[in-house]
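**Q** Below is one structure. I have some questions about it.
The values are calculated or read from the model by the stated rules, or taken from the named source; none is laboratory data. Just so we're clear, the structure is a prediction, and the values are computed from it rather than from any experiment. Here the Cβ positions follow ideal geometry from the backbone for every residue, glycine too, while neighbour counts run over all protein chains shown.
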Amino acid sequence: MIFANIEYLFLLLLLIPYIVWYIFKRKKTEPTLQVSTTGMYKNVPKTWKIYLLHVPFILRVISILMIILVLARPQATNHWQNTEIEGIDIMLAVDVSTSMLAEDLQPNRLEAAKAVATEFVNGRPNDNIGLTIFAGESFTQCPLTTDHAVLLNLFNSINVNIAQSGLIEDGTAIGMGIANAVSRLKGSKAKSKVIILLTDGSNNRGDISPLMAAEIAKQFGVRVYTIGVGTNGTARYPLRTYTGIEYVNVPVEIDEKTLMEIASTTDGQYYRATSNSKLKDVYEEIDKLEKTKLNIKEFSKREENYQLFALIAFFCILSELILRNTLLKKIP
């Protein structure tokens, strides 16, 4: 038997001062009668009520004990199986070029992608997940890790400022993003290795073409799921000018053909996300396709076992009330 709220068992220590208090209180309040000699009472037999004198106190102690055990929630583990968890390795490759500021997804493409990907990561606690970001260049923001709190902290900190401020070249280097992610996965011993690449443009930078990167991924047994994010037609884009931010409509140019070829080469799939809801649907679909494999190794089924303790407490309290108001009733 185990206890779900084992900390409540510390309340049992309160019974010690309660018992001590009862003993001292009994000595002080017990009635006395002064007589010249007690010889006449020497052979007087004790009545059965004498033996019941402390029963109400004992019943109260037992009821308190049972109530504390009920609060601690005793549970029985009566069913055991074996479970074995086998996670997969996933690299998220996210476009952080300035075009990701377009507001055809709310509040913009990058923030929408971060929100949905965060839900995806939280739903896969057993997987190694890492993060690669790319614009005109690419680098690893977070290597493969099961510490998803660190991953999400780094993920939520990314923005397009690194391209706007010139820390990395602006543009879209899809091939470099895939290659960088593959370099993190190539030494993995996981049976399933996956890249989820999200971009809103076409490849215009980098030394490695997207299709060459796809071939490299294929050689290392890495599947690439590609996501083209952006509405059809034009999108509202915040343009910085000397007078402040001005909004202009820019054409949405996603190289869907190349993204499809990347996915086809690596046995992955291509998706188009034109809104927040569709982007969420895409990640949910990938989540279903790349489910973690679970082999049962150890599992315990727990059952609440407080009923007996609660029943004992009820009868102890009831018995005490009956005794105090009938056989052991005190008259002031």
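**Q** Which pairs have Cβ atoms under 6 Å, sit 6 or more apart or on different chains, and link a residue in the range 46-64 that is farther than 15 Å from residue 326 by Cβ to one that is aromatic (Phe, Trp, Tyr) and modelled with pLDDT under 90?
**A** Short answer, once both residue conditions are applied: 57/22.
**Q** If you don't mind, there's one more thing I want to ask. Against the conditions (1) crowded, with 22+ Cβ neighbours inside 10 Å; (2) at pLDDT below 90, where does residue 99 fall short? Just the number, please.
**A** (2)
**Q** Also, I was wondering about something else. For the range 128-148, enumerate the residues that are touching an Asp or Glu at 6+ places or on another chain (Cβ under 7 Å) and surrounded by 18 or more Cβ atoms within 10 Å (Cβ to Cβ).
**A** Answer for the range 128-148, where residues must be touching an Asp or Glu at 6+ places or on another chain (Cβ under 7 Å) and surrounded by 18 or more Cβ atoms within 10 Å (Cβ to Cβ): 128, 134, 135, 137, 144.
**Q** When you look at residue 200, is it out of contact with any strand residue (DSSP E or B) (no Cβ under 7 Å at 6 or more places or on another chain), crowded, with 18+ Cβ neighbours inside 10 Å, acidic (Asp, Glu) and modelled with pLDDT of 90 or more, yes or no?
**A** When the stated conditions are applied, residue 200 does not pass them.
**Q** Can you name every residue in the range 227-252 that is surrounded by 13 or more Cβ atoms within 10 Å (Cβ to Cβ) and touching an Asp or Glu at 6+ places or on another chain (Cβ under 9 Å)?
**A** Hits for the range 227-252 are 228, 229, 230, 231, 234, 235, 236, 237, 238, 252.
**Q** If you check every pair at least six apart or on different chains, which have Cβ atoms under 7 Å apart with a residue in the range 170-197 that is among the basic types (Lys, Arg) first and a residue that is surrounded by fewer than 24 Cβ atoms within 10 Å (Cβ to Cβ) and part of a helix (DSSP H, G or I) second?
**A** 193/185
**Q** Further question on the same structure: Check 288, 257 and return the single one that is surrounded by fewer than 16 Cβ atoms within 10 Å (Cβ to Cβ) and either assigned to a strand (DSSP E or B) or modelled with pLDDT under 90 (or both).
**A** 288
**Q** Next up: Which residue out of 144, 154, 167, 211 is touching a Cys at 6+ places or on another chain (Cβ under 8 Å), free of Cβ contacts under 8 Å to residues at least 60 places away in the same chain and of a type in the set (A, V, I, L, M)?
**A** Answer to the check: 154.
**Q** Next up: So residue 184 passes all but one of these: (1) in a helix (DSSP H, G or I); (2) buried (at least 20 other Cβ atoms within 10 Å of the Cβ); (3) touching a helix residue (DSSP H, G or I) at 6+ places or on another chain (Cβ under 6 Å). Which condition number does it fail?
**A** (3)
**Q** Being of a type in the set (Gly, Ala, Ser), without any contact (Cβ under 8 Å) to a residue 12 or more places away in the chain and not in a helix (DSSP H, G or I): is that true of residue 206 here?
**A** The answer is no for residue 206.
**Q** Moving to a separate point now. Taking the conditions exactly as written (over 15 Å from residue 96 (Cα atoms) and either assigned to a strand (DSSP E or B) or small (Gly, Ala, Ser) (or both)), does residue 149 satisfy them or not?
**A** Spelling it out, residue 149 is indeed over 15 Å from residue 96 (Cα atoms) and either assigned to a strand (DSSP E or B) or small (Gly, Ala, Ser) (or both).
**Q** Could you check, for the range 151-159, whether at least one of its residues is more than 25 Å from residue 220 (Cβ to Cβ), modelled with pLDDT under 90 and in contact with a Ser or Thr (Cβ under 8 Å, 6 or more places away or on another chain)?
**A** no
**Q** Name the residues in the range 226-247 that are touching a Ser or Thr at 6+ places or on another chain (Cβ under 9 Å), assigned to a strand (DSSP E or B) and not polar (S, T, N, Q), would you?
**A** Residues satisfying the conditions are 227, 228, 229, 235, 237.
**Q** Next question. Quickly run through the range 260-285 and pick out the residues that are in a strand (DSSP E or B) and under 21 Å from the mean Cα position of the chain (by Cα).
**A** Residues satisfying the conditions do not exist here.
**Q** Take the conditions more than 38 Å from the chain's Cα centre (by Cα), surrounded by 15 or more Cβ atoms within 10 Å (Cβ to Cβ) and at pLDDT 90 or above and apply them to residue 62. Does it pass?
**A** Considered against the rule, which asks whether it is more than 38 Å from the chain's Cα centre (by Cα), surrounded by 15 or more Cβ atoms within 10 Å (Cβ to Cβ) and at pLDDT 90 or above, residue 62 comes out as yes.
**Q** Would you call residue 121 among the hydrophobic types (A, V, I, L, M, F, W, C) and farther than 25 Å from residue 275 by Cα?
**A** no
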